[in-house]
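Below is one structure, written out as structure tokens; the observations come after it.
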Amino acid sequence: MAELRPEYLNPDVAETPAWLHRVAIAHADLEPLALRARRVLFVGMGSSRYAALNAAAYLRSLGRDAYAEHASSGTPQPPEPGLLVVAISAGGGSRETIAAARRHRGTSTVVGITNRPRSALASEVDTCLELHAGEEVSGVACRTYTNTLALLLMMSGIEAERVAAAADASAGLINSTPEWLGAAADLLERGPVHVLAPAERIGSAEQSALMLREVPRIRADACETGDWSHVDVYLSKAPGLGLLMLRGSAWEGEVMEWAGKRGCHVVTVGGPLAGAALDVPVAGGDGPAVRSLVEGRVAELLAAELHARHGDRLSM
């Protein structure tokens, strides 16, 4: 695990658009491997698996058979011919992911994705693809998460031009921070925070909640927007709960009814919503693929801002 240096998170995030352009250029001619396989299995841990959740959902929306699995699962899917296994480890040294790749190699087709193409993972896969995310000086998986998702989507048929559009949208979002970052931090800084997203972008919510836990050490959890009213609404009785809602679900209205009753601050990402205290616009975010590559900047920048204000002294 890399040493955390949260004071460098802002510079790492600021470089995201350039590195996202780089992965788009480097893999512009990548064949849509996931569309040519009979079944697709993504395996990874942490942020790697979060990115895979979005990619698997995208493939299923195309009618494909795709899953994202913890590399540490005690009941993993078995190797089989015709199965494409995508083993993801940004640093290339995740023991669980290496073990999963080793289990499948020789029967399934195994593709490795890593930011370090000479790492241990590379020796356990049939083909290795580089993330081109650069060094994250902060030790926080921000650019590697985004470039992982970009590469998985390109493997799933998303064109390099759309990834480039997401890079430009990320730059616009970063440049717009004077308009929303301070206000969002004021609303959510005391936590706890629930990050909500539609099922097809639940990986974005998981990654965003991780940023808030890892950097300013806020109690933060992810929940699917529609499911929140069934499983997490109970916690809204506790004072101070804030909601960071990644827009796009058809079931946001019920969440807002509860938030209004319970006095929860709601910050939306990707479009204003009646009753929300603040919206963070996401330019070019009308498609789920582009939106999922951009919306993560909000929690990354919010985490950096809250750490700058409070260090890691916020309540767990």
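Within the range 16-49, restricting attention to residues that are more than 30 Å from ARG103 (Cβ to Cβ) and in contact with a Lys or Arg (Cβ under 7 Å, 6 or more places away or on another chain), which residue is surrounded by the most Cβ atoms within 10 Å (Cβ to Cβ)? First the steps, then the outcome.
Taking the range 16-49 as the starting set, the residues that turn out to be more than 30 Å from ARG103 (Cβ to Cβ) are 16-22, 24-25, 28-29.
Among the residues that remain, those that are also in contact with a Lys or Arg (Cβ under 7 Å, 6 or more places away or on another chain) are: 16, 19.
Working: THR16: 27, TRP19: 23.
Only one residue tops the list, namely THR16.
Filter the range 231-255 down to residues that are crowded, with 19+ Cβ neighbours inside 10 Å and out of contact with any strand residue (DSSP E or B) (no Cβ under 6 Å at 6 or more places or on another chain) and give me whichever is nearest to GLY296 (Cα to Cα). Give the derivation first.
Let us first name the residues in the range 231-255 that are crowded, with 19+ Cβ neighbours inside 10 Å, namely 232-233, 236, 241-249, 252, 255.
Filter once more, so that each one left must be out of contact with any strand residue (DSSP E or B) (no Cβ under 6 Å at 6 or more places or on another chain): 233, 236, 241, 248-249, 252, 255.
On the way: VAL233: 23, SER236: 24, LEU241: 20, GLY248: 15, SER249: 17, GLU252: 19, VAL255: 21 Å.
Per the criteria, the residue is GLY248.
Just to check your reading of the model, which residue among ARG297, ARG201, ARG219 is basic (Lys, Arg), touching a residue at least 12 places away in the same chain (Cβ under 8 Å), open to solvent by 70 Å² or more (accessible area, probe 1.4 Å) and out of contact with any Phe, Trp or Tyr (no Cβ under 8 Å at 6 or more places or on another chain)?
Checking each option against the conditions leaves just ARG219.
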- Taking the range 115-140 and keeping residues surrounded by 19 or more Cβ atoms within 10 Å (Cβ to Cβ), within 27 Å of PRO6 (Cβ to Cβ) and touching a Leu at 6+ places or on another chain (Cβ under 8 Å) leaves ASN115, LEU131, SER138, VAL140
- Message: Among the residues that make up the range 37-46, is at least one of them without any contact (Cβ under 8 Å) to a residue 40 or more places away in the chain and of a type outside the set (Val, Ile, Thr)?
- Response: no
- Message: Given the criteria outside any strand (DSSP E or B) and surrounded by 17 or more Cβ atoms within 10 Å (Cβ to Cβ), does ALA87 qualify?
- Response: no
- Note on the structure: The condition from (1) of a type in the set (A, V, I, L, M, F, W, C); (2) assigned to a helix (DSSP H, G or I); (3) closer than 22 Å to ASP186 by Cβ that LEU273 misses is numbered (2)
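The values are calculated or read from the model by the stated rules, or taken from the named source; none is laboratory data. As the structure is a prediction and not an experimental result, all values here were calculated from the model. Methodologically, a virtual Cβ is constructed for each residue, glycine included, from the backbone with ideal geometry; neighbour enumeration extends over all protein chains shown. Surface areas here come from the heavy atoms of the whole protein model, side chains and all, with no ligands, DNA or RNA. Shrake-Rupley method; radii C 1.70, N 1.55, O 1.52, S 1.80 Å.
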